[in-house]
Amino acid sequence: MNKINSILIAVLIYVFIQGTALWISSGGYGIEAGVIEKIDKGEIKAMTENPEDPYSSIYLFIMILLATGLLLLLLKYGLDRIIKIMIVSGFMVGLYFTFSNIFNQVIGLTVAMLLTILYALKRNSILVMDFVLLFVIPGIGSILGASLSVIPALIFIIVLSVYDIIAVFGTKHMVKLANLANESESNIPLMFAIPSEDRYLALGTGDMALPVVFTVALLRNYPMEYSLVTAAGGLIGLVAIVVYILNRKGLALPALPPITVGLLSGFIASILIF
């Protein structure tokens with residue numbers, strides 16, 4: 001697959017995830033109540049106690065650190081079965097959140113189970129892995145985003161962008177995590193795999209989920225237009241880093257920082273436009 005097609009696939013993945021997350025979060029066409037409204041009404045439990053509290057972002061960041069540390073330990077000691085259980089559980093939760101907010105709880109649970117079974121049966125298929133992740137991330141991202149308001153979400157993505165840089169260039173534990181996952185006998189799905197010529201371009205699930213957190217959080221304080229322009233800025237950042245990586249081989253770079261720069265640029269542009 002040539003580089004242009006690889007870039008287009010990355011763009012389509014980003015646009016699909018953003019579009020789905022914003023649709024179910026705002027209560028768009030065909031949806032009775034969005035995720036934000038359901039959280040405010042208490043129909044869905046938020047991931048934080050107070051969406052307005054800046055410390056909520058720090059709490060979520062600590063949870064991510066703990067989860068990353070646990071995953072590193074499990075991979076290091078070859079405890080793949082436990083990792084499988086964690087991943088399948090995470091898939092179920094994300095798929096359920098996505099489809100239950102598009103349809104209803106019964107259909108959401110049914111589709112989540114079917115897609116999880118599909119992944120379990122075809123976990124060696126990159127196409128199946130990418131397809132399932134397309135529906136996992138909007139659910140998880142929308143719940144996290146709807147649990148934060150703008151300022152905590154802003155702090156959250158900036159802190160994680162700095163962490164991403166440190167984890168790749170400083171401690172390098174994120175590179176180690178990716179290598180351990182690739183070496184695992186269980187084919188641990190930690191990222192999207194996009195074919196490009198004689199290799200695969202890897203995009204972390206966090207690189208797709210965290211922009212969703214910010215654009216969904218904006219819906220608490222701003223109209224949809226702001227989220228759309230902000231998401232477009234993030235897309236520019238994504239394309240920039242993908243193009244850069246595709247023109248170099250054997251290069252591990254954090255994708256979140258340029259995406260975050262794009263998101264912040266888009267957010268500022270939306271304030272100036274509207």
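Descending by average beta-carbon neighbour count within 10 Å, the peptides 134-146, 14-26 line up as 134-146, 14-26, the highest first.
When you count the other C-beta atoms within 10 angstrom of each residue and take the mean per peptide, 116-122, 257-263 line up highest first as 257-263, 116-122.
Sequentially through region 13-29, phi angles give Karplus couplings (6.51, -1.76, 1.60; θ = phi - 60°) of 4, 4, 5, 4, 5, 4, x, 5, 5, 5, 4, 6, 6, 8, x, x, 3 Hz, Gly and Pro residues having no value and appearing as x.
Here Kirkwood radius over Cα pairs in Å was computed from the coordinates, and among (1) 18.9; (2) 21.0; (3) 18.0 the match is (1).
Only helices enter the 222 nm calculation for the chain: every DSSP H run of n ≥ 4 contributes -39,500 (n - 2.57), and dividing by all residues gives -24000 deg cm²/dmol, rounded to 500.
Along the chain, the longest continuous region that contains none of the GluC sites (Glu not before Pro) in a DSSP loop with at most 13 other C-beta atoms within 10 Å is 53-184.
For the chain, the number of Lys pairs with C-alpha atoms closer than 19 Å, counting only pairs eight or more positions apart or on separate chains, is 8. The Cβ shell under 12 Å around residue 9 holds other residues with a net charge of 0, Lys and Arg each +1, Asp and Glu each -1. Take every Cα pair under 8 Å whose residues are at least 6 apart in sequence, average their separation, divide by the length of the chain, and the relative contact order is 24 percent. Amide H contacts of residue 197 (H built 1.01 Å from N, in plane; Pro and chain starts excluded): 2 sit under 5 Å, all sequence-distant by 5 or more or on other chains.
Each value in this text was obtained by applying a stated rule to the coordinates, not by laboratory testing. Because the structure is a prediction, the values reported are computed rather than measured. Positions of Cβ are backbone-derived with ideal geometry, glycine not excepted, and every protein chain shown enters the neighbour counts.
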